[in-house]
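Please treat every number below as a calculation from the coordinates, not as lab data. Only a predicted model underlies this, so the values are computations on that prediction, with no experimental measurement involved. Cβ sites come from the backbone with ideal geometry, for glycine too, and all protein chains shown count toward neighbours.
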Amino acid sequence: MDIAHFIFGVFGNAFGLFLFLAPIITFKRIIVNKSTEKFSGVPYPMTLLNCLLSAWYGLPFVSPDNILVTIINGTGAVIEIIYVFIFIVFAPKKEKLKISGLFAFVITVFAAVVFISLFALHGNSRKVFCGFAAAIFSIIMYGSPLSIMRLVIKTKSVEFMPFFLSLFVFLCGTSWFIFGLLGRDPFIFVPNGVGSFLGTLQLILYFIYRGNKGNAKTPTTKEEAMEMGTAKPMGEGELKGDTT
């Protein structure tokens, strides 16, 4: 691993850690209120799956010179597991079952990838199989803010898209994109190139609408109200919506 490759891997670890820790404010609120309110628990098990697959891909016997990928994603997996269990503890019964089911799905998929890669594949075929799995879920993780970007365009306000979160999505994606390019690893530079691009779009939207922060239009539909977290409380018999 050359110096530039290593340096951008270290940058990716630092910016990635910030992204994994960003939801702490949300979970502090959940713990204090002892309720998940209208927050969505779906991103956390899905991000966990991305972390597990990426951490597995970075191991030396799967792909060489990617141990920094394993370090940050292994750390992220621990953090996401904590988020998932906190969410399950404080979620209503229906949401508990939903997130528990997703968590079981995540463990099953990861276990299947590990089993197949260890016992059915070897050498480059193992790297390709694990790389595709990790890349697909990395792209899904980076694509999760698309709904917020749509909301920013609709409301012409960045109130619900924090600047520093967008900045670190860009910095994290860009760092790992360059790391992947230097390592000639498409399973790293392709998904993180997507992340860098989406982070750039978020920053562009922020600077276009930054003067309107705090002046979001009143949501006109139930879907918009729920996206912005301003929907009125629902009755016990109604299905609660998600807020990424």
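For the pair PHE105 and ILE82, a Förster radius of 25 Å applied to the C-beta separation gives a FRET efficiency near 0.85, rounded to the nearest 0.05. Backbone geometry of segment 84-89 corresponds, through the Karplus equation with coefficients 6.51, -1.76 and 1.60 at θ = phi - 60°, to 3J(HN,Hα) couplings of 4, 5, 5, 4, 5, 4 Hz, x marking Gly and Pro.
Among the listed pairs LYS38/LYS154; LYS96/LYS154; LYS94/LYS154, those whose Cα-Cα separation exceeds 29 Å are LYS96/LYS154; LYS94/LYS154. For a test of the definition: using alpha carbon positions, the gyration tensor, and the 1.5 limit on a/c, classify segment 3-228 as rounded, prolate or oblate. Cα axes put segment 3-228 in the oblate bin. Working note: Karplus 6.51/-1.76/1.60 with θ = phi - 60° gives segment 13-23 the couplings 5, 5, 5, x, 4, 4, 4, 5, 8, 3, x Hz, where Gly and Pro are set to x. When shorter helices are ignored and each DSSP H run of at least 4 residues is given -39500 (n - 2.57), the per-residue value for the chain at 222 nm works out to -24500 deg cm²/dmol. Under 14 Å from the Cβ of LYS28, count the other residues' Cβ atoms, weight Lys and Arg +1, Asp and Glu -1, and hand me the total. Net charge in that neighbourhood comes out at +1. Sites listed here are trypsin sites (Lys or Arg not before Pro) in segment 1-64 whose DSSP assignment is loop and whose Cβ has at most 11 other Cβ atoms within 10 Å: LYS34.
Return, ordered by residue number, the residues of segment 61-94 whose backbone nitrogen is under 15 Å from a label point located 7 Å along Cα→Cβ of LEU21. Label zone hits: 72-73, 75-80. Along segment 97-114 the Karplus relation, 6.51 cos²θ - 1.76 cosθ + 1.60 evaluated at θ = phi - 60°, assigns HN-Hα couplings of 5, 5, 6, 5, x, 5, 4, 4, 4, 4, 5, 5, 4, 4, 4, 5, 4, 4 Hz to successive residues, with x for each Gly and Pro. Calculated FRET efficiency, ALA4 to ILE67, Cβ-Cβ distance, R0 = 25 Å: about 0.95 to the nearest 0.05. Positive contributions from Lys and Arg (+1) and negative ones from Asp and Glu (-1), summed over other residues with Cβ under 14 Å from the Cβ of PHE179, come out at -2.
For segment 151-212, the set of trypsin sites (Lys or Arg not before Pro) satisfying both a DSSP loop assignment and a count of at most 13 other C-beta atoms within 10 Å is given as ARG184.
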